[in-house]
Structures are given as structure tokens and as C-alpha cells.
1. Check the range A:368-377 and report whether any residue there is over 58 Å from the mean Cα position of the chain (by Cα), more than 14 Å from every other protein chain (Cβ to nearest Cβ), more than 19 Å from A:Trp234 (Cβ to Cβ) and at pLDDT below 85.
2. Among the residues that make up the range A:1017-1027, is at least one of them under 30 Å from A:Ser1203 (Cα atoms) and surrounded by 21 or more Cβ atoms within 10 Å (Cβ to Cβ)?
3. Working carefully through the options B:Ser79, B:Ser90, B:Ser47, B:Ser38, find the one that is modelled with pLDDT of 75 or more, of a type in the set (S, T, N, Q) and not in a helix (DSSP H, G or I).
4. Residue by residue through the range A:456-479, note down the ones that are over 21 Å from B:Ser27 (Cα atoms) and more than 10 Å from every other protein chain (Cβ to nearest Cβ).
5. Have a look at A:Tyr413, A:Tyr356 and point out the one that is closer than 26 Å to B:Thr67 by Cβ, buried (at least 22 other Cβ atoms within 10 Å of the Cβ) and out of contact with any strand residue (DSSP E or B) (no Cβ under 8 Å at 6 or more places or on another chain).
6. Given (1) more than 14 Å from every other protein chain (Cβ to nearest Cβ); (2) over 30 Å from A:Gln295 (Cα atoms), identify the lone condition not met by B:Asp123.
7. Considering every residue within the range B:72-85, establish whether at least one is more than 30 Å from A:Glu296 (Cβ to Cβ), surrounded by 17 or more Cβ atoms within 10 Å (Cβ to Cβ) and within 14 Å of chain A (Cβ to nearest Cβ).
Amino acid sequence: MEWRRSYGRAPKMIHLESNFVQFKEELLPKEGNKALLTFPFLHIYWTECCDTEVYKATVKDDLTKWQNVLKSHSSVDWLIVVVENDAKKKNKTNILPRTSIVDKIRNDFCNKQSDRCVVLSDPLKDSSRTQESWNAFLTKLRTLLLMSFTKNLGKFEDDMRTLREKRTEPGWSFCEYFMVQEELAFVFEMLQQFEDALVQYDELDALFSQYVVNFGAGDGANWLTFFCQPVKSWNGLILRKPIDMEKRELIQRQEATLLDLRSYLFSRQCTLLLFLQRPWEVAQRALELLHSCVQELELLDVSVPPGALDCWVFLSCLEVLQRIEGCCDRVQIDSNIAHTVGLWSYATEKLKSLGYLCGLVSEKGPNSEDLNRTVDLLAGLGAERPETANTAQSPYKKLKEALSSVEAFEKHYLDLSHATIEMYTSIGRIRSAKFVGKDLAEFYMRKKSPQKAEVYLQGALKNYLAEGWALPVTHTRKQLAECQKRLGQIENYLQTSSLLASDCHLTEEERESFCREILSFAGRQTDSPGHKIVLPLHSFAHLRDLRFTPPNAVVHVGGVLSVEITVCSQMPVPVQVEQIAIHVHFSIEKNNYRKTAEWLTKHRAAGGLVSFPTEAAPCPAPQSSLPALELCEMFERSPSDNSLNTTGIICKNVHMLLRRQESGAALEASTGVALEDGAHVLKCTSVTLEPGANTITFRTQAREPGTYTLRQLCASLGPVCFVLPHIHPPVQYDVYSQEPQLRVEPLADSLLAGIPQKVKFTVTTGHYTVKNGDSLQLSNIEAMLILCHAENRAVIYSNTREKASDAALRVQSSDKVTSISLPAAPAYHMIEFELEVLSLPSAPAAGGESAVLGTTEPHWKHRDTQKASHSMATTDHRVSIDCPWSIYSTVIALTFSMPFRTTHSLLSAGTRKYVQVCVQNLSELDFHLSDSNLVAAGDSSDLRLVPLHTDSQQHVRSEQAAFFVWELKWTREPPPPLHGQFSVGFSPASEQRLSVSLKPYTYEFQVDNFFTLYSVTAEISPPPGAELCKTGALCSLEVTITRLADLLEVDKDEALTESAEYFSTKLMYEVVDNSSNWAVCGKSSGVVSMPVCARATHRVHMEVMPLFAGYLPLPDVRLFKYLPHHSAHSSQLDADSWIENDGLSVDKHVDEQLDSSSIRSRGSGHSAASSEHKGLPMPRLQALPPGQVFNCSAGTQVLVVPSKDDHVLEVSVT
Amino acid sequence: MAVPLPGDKTVVAQNYPLYIRSVPTESELKFHYMVHTSLDVVDEKISAMGKALVDQRELYLGLLYPTEDYKVYGYVTNSKVKFVMVVDSSNTALRDNEIRSMFRKLHNSYTDVMCNPFYNPGDRIQSRAFDSMVTSMMVQVC
């Protein structure tokens, strides 16, 4: 039925059970009643009376009396039921309904509450009317009953609250109040309002807790002292009975202890929670309860025998767990381990401490004191409860059994521990599981079975290491060390010991003791001498840096290499190490070229110091190995309008960062260190490693060439080896073997010919040892002298460019060979010395081609076609040197440069001729020139050369030139060609004194046809009638060509024609004004036939017009030899075609003459072109050699006055 | 009144300690073990809350678990840095609100540490300011 309650509480469907009892006056509640359920709620009066008379006579009185009784007990809950029978009714059909019994009763008793009277018709008949009346009755009954109940409940709650408010009064007792509120809870429970019932208990719980806390704060209530009595019984929670009457009575009698009260309270809460289907809350509350009980006992200063609480907690945990198991199925339990595991681990913990307390964990078993304690504890348990007596696995039995013997304890403890670990693991609480495992390991250690403990310790250690918890790591390692020691795992024990000895979290004494463990083991003699114990080095010490000497870590065969390592010892005390060794891996490098010192030095970072990253510190922080974030900005723009679409930051090395972390296996996995056996080992014996940095130096003599890679570092202490398995970054040194080598190179940038130059000889001895008497044999070349000085010294350097010694050098020269005797030098050294060499200028007309080449200028063609270049002419000298270490001779090429470039030119003045020689200094040195001389070679006795220049010494600075001029005079006409040989002595201006006499510099040249054949005179005369030339006015130009000589050898060429009386030759003249001062009017060029005889003159008139005013130079007049196209074809030509072609061809020539000087090639070009013109041959022009034509009017000027008509005066300022 | 022993520490997502501090120092090892074990519960709570928590921004995890003598409270920042605080069970003055405000203070101070450009996230915290803040908090609690 629906139950509506006051204070806005939600209506609930409740089930209210009622008992019907016969009315007795004694049952009516007295004044001040505290009970809630044990008195009648609703009083019902039943009557069958249907006769008015009878009613009036007896029933009415009876009813009145009943009502009075009720009133006197202030009970207002009553109901009168009138049962009507049809049979009786028929007899009284005449009776009006109004005057029926019911009405009478209503009138009499229910003056206001007419509903308090109900008619029940024919209750035993099966008719609709009967049914209806039953229904009406029952509804009424229910409503009234509920009304009564609510009223009473409300009254009860009010009373209870009043009682609670009185709690500060001195006489207030918690137990009494407890009973009252529990009554309420019972009622709710009865109504199946478990929630409400639970609230009542929770309120009691909170009230009590608050009092305890207040007590702790000094505000003690009197009644609480009652709970402070010593604990005498610790038989755990009892949860199997809905109500633990035994405890309840204790509370009622105010004799309960704190544990009793708590137990009872919790058992009630548990029951209700289980009714509410919340078993997990039970587990959770149980844990809280147990914790708080322990604290409360402490807070209240209750004296508890040692172990008693442990017993109580243990029993309670198991009881709760069993109770929960009892009401849930397996699946539910499995999926809610998280809630119960706390209880399991708590029980485990408590059982463990009980075991330790009762001496059940020690190896020897409990002693008498322990046994006494056990007996006391068992006594405190009391007898087993009857309700669990039949269960085999009851907590009571378990505890009793566990405490009874060492074996039983072990069994139970292991069961519990394993169960707990399994549960923790299954819900992923690995760390908690490891922690329980550690406890278990401790137990095993106590039980002297370290092999079982080891697994747990290792597991825990791995976990702590992976997560970087330094203190737990240290602690667990300490346990592990103990365990390994017992197990006799020498290797592991020593390793752990070394780790502990270097652990900064331990005290100095502990560290030292672990260190001594290692040392004492190392000092012990082992049975099998070959057996070695290999341990990783990182715990013992760590390699900080490594330094090679020589720093480039390259050493020649037989050389000494030293490796200096800095090792930081992490041991607390100095450790005497028998031997420290570096194992080296040797590999032969195939490429021999790379094996030279130079190459290796170049390709190796200098300094020789290799630093190693500090290894993971004793407290490793695994994150430090993670690479740093590499972030970059990212902009994405839309392709169409370049607006920014997205922007962000990209992590470039996500793959590195988000990689799954390996589960710390690598940290301790280095146990399996293999000791490499190699033939190449660097050793250092008897080293004492002080705590902190130590420097150890290894020395080795290099034997085989190749690359040596440092692989392992190994420190041996007797049979114990600490090994660093990999030296990283890789370090290597190289041993090379080198062939002896000779190098010759100039000291300066380039060698200059003609003056002494220094050349450096470098002998790299390589593997060859230079003995006394070894010498270099240089084959002499005539053109190059090796200048020997007495004070030649050689310097011997060691491989590292350190000066080793200094020795005199003996140089002996013979005709063919120059022998340089080398000073004795060990292998892999360098001998350096300098020699002066002198490249001779060419000896004239002698020596092989190679020797001559370049020392003199090549024979110049008379036509100076040398391209102007500023680079010096060079010459190579090849010297072959025989070295003592080789049967083959070494050929060395030395390149010398000529410091000068010489040009010559022919100058004419009428018929007088001059030769000018220009010597240009191309080098960077300054030179003194002296003794210049020009001689005509050969049969030129007719020629005489008169020097016009100063005879004294001349000074030529760098990049400057000196000029020499001679006048040519001849005795015979025409003079023969001149084969001139110019020579000049030179010496560097800087050096005052030269040890050798230098050969002069020579230059040969030839000048042909320098005799003047024609002289050309040009004259400009003003127009007739005018005094001066005027601009714009035509003037006449008269060109006179005069032949100065008779027929000579040089004239005999194709142009020469022979007529009857005289020879004539054809010349072409051309008037060109390159400076555009003159305008040539009419034909500017023409061909003249010139008689070949002295003083033959040809005049040509031309009109020219000056374009500017002023003194104008005359236009150039050029003469060419006009050669017929070919003598062989001349007969085939007719005159017309000749002339026609002539004009055409000459015009062309004139045009092209301006930008071309190579007439000959031009002519040949024409002949090629003209072959199209019906194959007609073209005449050729040949320039006359410069000496043959003398222009008399070269340089003359004519005055031109400006025209008076000109309105514009042009003034040109140049 | 018993002297409360708050062990106090900061832990990062990878579960290695960034900062650990406890008074008195004798039982430091015990606290280390306790805090380490409590990480199980922190992990469990974080994964149980899943994404719902992120929206609510509720960083305080509440009581992780009680032990006989201590209460262990947890707090996790948005970047999954975990704070664990262990206080003596008998210290009844510390209610949820006090613990919560202590965590908030701790978080603020931690944020300051992170703002230090010379601090490398993930390194052990050696900031003096943080240290003194923790000290003052511990003194206050005692």
C-alpha cells in the first residue's frame, strides 16, 4: 500500500504486517512508552448484533466501556465492525434502514468520524455484495492502520530527537539512545525501507565517531569512558546473523566494548547493505571501519594486547569477504575485485604481522614466549560461533590453524599473498602487487628460501627502476643482495653489491661494506683459476673521457701511442685494480692511399679528446633519453588567393617521442656481458682507483698497420672483471706504414729563371731509416745548376712536426751528378733542406731542345706576331733523382719563369734606320740591367750598330720596361738583313752580392728589308686665290711617291713588269683619314705603275675638303704593292674585265681597310669570293714592309681657317 | 595531538618522481613505497574518469585510499602530472576542502616552476621557491 509521509518525503510502497490479538487492557501502552512496535496500533470491535434490543442491552454498554478504556490510554485508533447476516435480516424486514444497528452505533459512537464504523455483509457468502463489503472493510482497515502507524512513528521520532538533543546532559547514555534509534531502524527494516534503516545506523555511526574525535580533542563525554575499557575479546565481525542478539544485549546492558559496538553496528549496516544489493559498499565500508577502529582504539587510549587487533582485523576481513562471497556469484566477484582487494591485502598484512609477532616466520619456530603470546591471542578469540562451527573455511578456524603451527601459517600466508598478488595484477595495480610481492619475498628470506624470494625482488626492482624511484630501488637492491648472497649467485651478488656500493642513497658505511664484499671476494682464491666473473662496469666506475697522444690518434708502425682515459670510480673507497685493459679490434684497411699521416691527420678532428656521455645516473630518469621536441611552424595557404587557411605547429620527431616505452628491460639487461677475447689488448696493471676521477695511461707500440677500434674496457680484480661492453661513441686509432717519399717544391710561388732560386727538398722517411752515407743523386742538367753552399743544413723533424735535430748537408757535384748526402734519420721522420738552383738562360745554339726551350726567346719571325700576353714564358726542367730506398729514379719537374719579355721594333728617319729593343720586367722583383749589347750575327760585317742609349746600368722595376736604341749603319747598299742578338746582364736589385755570376739575358731577332724604297710626301694647298684653307672649301692634295733606289733584290716579285726600257712595279695608294678631319672627294685610291729606278716620282692630285678649322693633320697615305692575281693566269685576262673588276675590288678594299690590317688574308678571301665571278682571278694587295716606305709628311699639319659664311662657329675642345 | 606526517610529492605521467618531500625524514622509504603504490589508484581513477573529467576540469581525485595510519590523496593536472599527498589519518583538521586548496596551491607553484625557461620539463624539481612553498605548507599542516 502507498505510504505518504510528512516533511515532503516521497511516497513509498510499503508492506505493513499486522498481528491480530485479542484485546487486553494490559497491552495498551503506558505513558512514557519508548517502544514502537510491541503495542496495539488499531483497536477493532467486532459485533454480530442485529437486534436493537440486544444492542441496547449489552453491546452498547460494552462498546462504551471499550471506548473509555481506549480514551484513558489516549488511543484514538479504533474501528467498529458490524457483521450483518442475511438470515437474521430477513426476520426484521420491517425495520427501517435508518434505525439499523449500524446507524445506531454510528450515532452513538462515531459522532464525527462516521468512517470508523464498517459493515461487513454476509462474510461467508459468495455474492457480489459480500465481496464489495469485504473490499470496503479491508481498505478502511488498511487506511486506519496506516494512519495509526504514521502517527505513532512520528511521535516516536519526535521522542527520539528530544532524547538526542539531551546528549550534552551529564546523564545521557549513548547505549540507551542507540536502542531507541535502532528501534526506528528496525521498523524501517520491517517496512522494507532498508535505505531508511541504514540511515539510522549511519547516523548512530557518525554520532559515535564524532564523540570519539571530540574525545581525542579533549572533550570527553562520560559515557565514552565506558568504552575505553581494555579489549578482552577480539573475535571479529559476525555478519552471518541478521541481528547479533548477543552483542545487542551487551549494548543494551551497557557492557559493550568499543569493538562490540562497532562490530554490532557494522553487522547491521552490512545486513542492510546486502538487502540493498550493495555488497561492494560493504567491502569498502569494512576497510574504512577496520581502519577507523584501529585509530579509535588508539585515540581513546584503550589498552589492547599486542596482536589482538591484528586478530580482530584479520578475522573481520575474512568474515566480510566470505559474507560477500556468500551472496554473490563468481562472475560478480571477479569483476569487482577492485573493491575487495583492499581487504585481501589488509588481511595479508595482518596475518604477516601476527606471524612475526608469534614467531612463526623465524627459521627456528616460535619460542616459549611466542607460544604464550599465541595462547593468549587464541584465548581472546573465545569459542567459535555456532553458526560457523560447521564451515570448514571459517575465519576463526583459519586463524586458529594459522597460529597453531609454522607450516600452517606458511600455507595460509602464502595462500593469502598469492591471492592478493593475483588480484592486484588482474586489475592492473602492478605496483601494489609488487609491493605485496616484496613482503612475500621478505617472508621467504626469513624462511631461508631465497630462491623463491628472488623472483619477487627482481620483479619489484624492475618496476622501481623503470619508474625511477631511487629509494625503493636502493632498498630492494639491498634485499636482493642479501638474497643473492644466500643463493650463492656470486655474479649477481657482486653486481648488485657494486651497484649498492655506488649508490648515493646509502650511508657511507653501508657502501663501504658492499665494496668490501667485492674486494674480499676478489681477494679470495677461486677453485677454478680460469673462471672469471664478468660484471658490467657502469656500476663500478664510468669512463668519462679518453685522450690520445698524438692527438690525431694516428701513429706509424713502430711508433708509440698513448691512450689516457679518465675513469670516475663510484666506489666509496680506493680500489686496487690488478689490471685495466682495453680490448681493441683490429681491422686492416684495404685502401692504402688513406694510410698516410697527412690524410689521417686531415680527416680526424684534432684535440684527441673523446668525451663520453655520462651514463644513466644511479637514479635514472628514463625521460632524459627522450629526444627534445623538434617543432616547426606550418602555414597552409589556399592556392587560389594565397590567404591563410590553417596554421599550426608540427612536431617533426613524433615517431621518436610517441614510441612505446620498452618496459625497462634494458636497464638491468646488461647482465649478460661477454668478455671479448682479442689479440689486441692495451693493458695497465696495478692501478689504484680512488673515488672520483682517475687518470690511467696506456702505452702501446704500433705494430701492424690498420685501424684499431677500442671495444671494451675491462677492470680486473682477481677473478672479477668489470667490463664496459661497448665504448660508445666508437673510438679508434690508426697505425700506418708509409713508403719513403721525396718532395721537391719551390719556396716561392714560382721559380724565376736566371737568378738563384731556393727549392725545398722534403724527404719523408716513412718506414725507411736513413743511414749515414745515404745520398740523393741528382742527374745534372746543363741548363740548371745546383748551387752548392758550404753552409747547407738539413733539419730533421719528427712525425709530429717537432724539430728533432739539425745536421750539415754535404753536396758534391760532379759532371753528371750532384750527390746530396743525407743525414742519418730514423724512420717516420722528415728531412728538410733547401738548395739553390739556377736556371740558366739559354746557351746559344747548343744543348738539346728541352734545355734551350724557353731560356731564350724563340726565334722570332721577322713579322712580329707574338700575342701580347702578360704571363711569363716558362720552362720546365726535369731532374731525375736516385733515392737510396728505391731502384727507380724519381723525376721531378721544376718550372721556371722568365722574368722578362723583350720586343724589338725598327724605326726609320728617311733612309736612316734605328732598332729599338724593349725589355719588360714581368716579375715582382726589381732588376738591375747592365752591359746591354746588340751584335749583328752572321756575315753582317757591312752593318754597324751605334748605341744611342746610355751605357750605364739601368734599373727596371717590377712591371716596368727599359728601352735600348741602336742606329743601323751600313756600308753596302742595300744593307743585308739584320740578325740581331741582344744581350743584357741582369741581377736582382735587392741582392747586393751574388755568389754566382749570372748569365746575361739574350734575345735574338731578325730585321729584313729595312732599306727605304719609297718616300711619300703629301701636301695640301689652299684653293687658288686663297691664302689658307677654309672649312668647307675644296683644297687640293698632292701626293708624291718617290722611288729612292734602283732595282733591288726585293723588288723581284710578281708586281714587277718589264717593259722595253725599264722595269716598273705596280703600287696602290690610298688616302684615308681616320680622324674624319677631311672629306676626300672623288677617288681616294688608285693604282700607279712605278718605274723601278731611283728618283722616279709619281704625283697624284686629289680634292679634299677640311671639315673642321684649326691645325689639321694630313690624311694618311698608304702604299701597297699591287700584285696581279696570279702570274700563271694573267694571259687569259682581257683588259676590260680586268679594269672592271679592279675598280670593284679596290673599292671594296678601301672600305674594309678601315677595320682590317691583314691584307693578305683579305686578298685570298677575295679570290675565294671572286671565283663566283666566272672564275675571274682577283689581284692581291701586299703591304710593303715598314722599313721600305718612309712617309715624309707624317706629322705635318695644315692650318684651316673657319669659313666666313658660317653662322655657327663650332668650337671643339679636346 | 599526534604530529601529522604529511608526505608530499609530485609525480609525472611516466610515474617517476619529480619531487618528493616528507617529514619526518626517518620514514621516508615508507612514504616512497606508499606513494608509489598509490599511483596504481591514481592511474585507475584517471582511466575510469576518462574523458568526462576533462570537460569538468575536476583535477582533484579525492582520497585514493586509506591506510591504518595515513590518508593518501591524489590530484592530477591537465598535463597528467600527478600530485600525491599523504597525511596522518589522525589529523582530523584536514578536511577535503583543506586538502583541495593545498593541492591547488601546489599546482600553482608547479606551474610557476614550469614557466621557468631554464627548467626542463621532466627534470627533477629543484626550484627553491617550490621547496619553500612545500615547506610552508607542511609547517602549516603540522
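1. Within the range A:368-377, the first condition is being over 58 Å from the mean Cα position of the chain (by Cα), and the residues that meet it are A:368-377.
With more than 14 Å from every other protein chain (Cβ to nearest Cβ) added as a condition, the list becomes A:368-377.
Adding the requirement that they be more than 19 Å from A:Trp234 (Cβ to Cβ) leaves A:368-369.
The next check asks that each one be at pLDDT below 85; those that pass are A:368-369.
Yes, the conditions are met somewhere in the range A:368-377.
2. Yes: one or more hits.
3. Among B:Ser79, B:Ser90, B:Ser47, B:Ser38, only B:Ser79 is modelled with pLDDT of 75 or more, of a type in the set (S, T, N, Q) and not in a helix (DSSP H, G or I).
4. Matches in the range A:456-479: A:Tyr456, A:Gln458, A:Gly459, A:Lys462.
5. A:Tyr413
6. It fails just one condition, (1).
7. yes
Okay, residues lined up against (1) of a type outside the set (Val, Ile, Thr); (2) within 14 Å of another protein chain (Cβ to nearest Cβ):
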{"position": "A:Val406", "(1), (2)": "no, no"}
{"position": "A:Tyr424", "(1), (2)": "yes, yes"}
{"position": "A:Arg431", "(1), (2)": "yes, yes"}
{"position": "A:Glu442", "(1), (2)": "yes, yes"}
{"position": "A:Lys448", "(1), (2)": "yes, no"}
{"position": "A:Lys452", "(1), (2)": "yes, no"}
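The values are calculated or read from the model by the stated rules, or taken from the named source; none is laboratory data. Since the model is a prediction, treat every value here as computed from it, not as a measurement. Positions of Cβ are backbone-derived with ideal geometry, glycine not excepted, and every protein chain shown enters the neighbour counts.
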